[in-house]
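Laboratory data are not the source of any read-out in this text; all were calculated from the coordinates shown. Keep in mind that what you see is a predicted model, and the values were worked out from it rather than measured. As a convention, Cβ positions derive from the backbone with ideal geometry for all residues, glycine included, and neighbour counts pool all protein chains shown.
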Amino acid sequence: MQPVAQNNWLLYCRPGFERDCVQETRAKPIETAAGSGFVVLQGKPRLAYAQLAFARQLIRLHSEVKELPERDRIAPLLAALPADPPQFGALWLEAPDTNEGKTLSGFLRRFQPLLEAALIGAGSLAQDATLPRLHIFFPDKNRALIGSSNPGNSAAWPMGILRQKMPHDAPSRSCLKLAEAFEIFLSREEQAQWLKPGMTAVDLGAAPGGWAWQLALRGMKVIAVDNGPLKGAAAQHPSIKHLRQDGFRYRPRQPVDWVVCDMVEQPQRVAALMADWVASGLAARAVFNLKLPMKKRLEALADALGGMRAALDGKGVRYRLAARQLYHDREEVTVFLARVEKRGKKLP
Ligand SMILES: C[S@@+](CC[C@H](N)C(=O)[O-])C[C@H]1O[C@@H](n2cnc3c(N)ncnc32)[C@H](O)[C@@H]1O
């Protein structure tokens, strides 16, 4: 067992985005193989998960076991547990989100109850969601990185991936992306309050209709703006009205509860449009996708978000802004923007 230096971190990310994940933290890279789906960093006493767009998970690294014996993996792992925290609220055995990582899933499933029993026997594991989680990450079967995550500063799902089932009648896979965005950016209470039947939404760049369908599924009335056709259940849905117009020019007559936007366009342009909708009160909240096909993705994202902040600050708007590369995002990042009213003044 090898204890790692203080202030070391293990972050998971979409394979291929390791460099963005490192750059964003401004920490010293220790292990950052391209395509591996994880990075090890050093030297930052604190990192805030909510402020990292490219990290799927944020884990404080405690130790590493390099040569796990095949016959008894449990004893060396127990010996490598940190003294602090003294007890964990959950055990998550994880592997990279890569083809090689997927070959470990059977082993992880079989190993989980064995290690869990040993941890409970040693008094190190309790069923308590407020305690730090124990992560044992296997880059391969013989090597384990041992760390912990704080439930208030990490993703609430194993491997940092929210798994969802594809509804059978959805018009496109991207309907899951909007569902994921709501889960990731909104608390349970906010979802209950802000995603109610009868609310109104505009979907810019809506075809073939996955996002519009997702909103209609929640009982919202949706205006779907796109020159292209809606398909399947979205084309038939009585709560979805399709307008063949330019999404950059369209404006609703009445303010709406939500604007969502998935137009394939320059990130700066989409961000400016969304800032305008929210700042002018046309929409209370926005979810939108910023496409990042360029080499300097982090810079493009920072420019887009920086431009938005400047526009909103310049207009004296109070807002909440969060950006994350979702599991369903490829070369892109999804953003949530909401107007925050002064105390006493309620949003619909
Ligand atoms: C990635 S797709 C949207 C997928 C959609 N969110 C879904 O769930 O099915 C992008 C769409 O944006 C539309 N689009 C691009 N530029 C547009 C513009 N200026 N006005 C309206 N739609 C636009 C394209 O026609 C395309 O259908």
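A few comments on the model shown:
- Yes/no for Thr200 being hydroxyl-bearing (Ser, Thr, Tyr) and within 24 Å of Phe88 (Cα to Cα): no
- In the set (1) of a type in the set (A, V, I, L, M); (2) touching a Ser or Thr at 6+ places or on another chain (Cβ under 6 Å); (3) under 16 Å from Asp257 (Cα atoms), Ile146 fails one condition alone, (3).
- Of the residues making up segment 170-198, those that are away from the ligand (no atom under 12 Å from the Cβ) and outside any helix (DSSP H, G or I) number 6.
- Check on Glu31, acidic (Asp, Glu) and under 26 Å from the mean Cα position of the chain (by Cα): yes
- Unique match (being out of contact with any Phe, Trp or Tyr (no Cβ under 6 Å at 6 or more places or on another chain), without any contact (Cβ under 8 Å) to a residue 12 or more places away in the chain and not hydrophobic (A, V, I, L, M, F, W, C)) among Lys342, Lys291, Lys295: Lys295
- Qualifying residue in segment 199-206 (condition: within 7 Å of the ligand (Cβ to nearest atom), under 23 Å from Val333 (Cα atoms) and surrounded by fewer than 24 Cβ atoms within 10 Å (Cβ to Cβ)): yes
- Tallying residues that are in a strand (DSSP E or B) and over 20 Å from the mean Cα position of the chain (by Cα) within segment 11-28 yields 1.
- Test: residue in segment 258-277 that is over 25 Å from the mean Cα position of the chain (by Cα), within 8 Å of the ligand (Cβ to nearest atom) and over 21 Å from Tyr319 (Cα atoms): no
- Residue that is nearest to Arg73 (Cα to Cα), among those in segment 85-125 that are surrounded by fewer than 13 Cβ atoms within 10 Å (Cβ to Cβ) and among the aliphatic types (A, V, I, L, M): Leu114
- Residue that is surrounded by the most Cβ atoms within 10 Å (Cβ to Cβ) [pool: residues in segment 34-64 that are of a type in the set (Val, Ile, Thr) and in contact (Cβ under 8 Å) with a residue 40 or more places away in the chain]: Ile59
- Long-range neighbours under 9 Å by Cβ, at least six apart or interchain, first residue free of Cβ contacts under 8 Å to residues at least 24 places away in the same chain and under 14 Å from Phe138 (Cα atoms) within segment 68-91, second among the small types (Gly, Ala, Ser) and surrounded by fewer than 18 Cβ atoms within 10 Å (Cβ to Cβ): Pro69/Ala75
- Matching residues in segment 207-229 - criterion: being within 8 Å of the ligand (Cβ to nearest atom) and assigned to a loop (DSSP other than H, G, I, E, B): Ala207, Pro208, Gly209, Asp226, Asn227, Gly228
- Of the residues making up segment 64-99, those that are within 26 Å of the chain's Cα centre (by Cα) and polar (S, T, N, Q) number 2.
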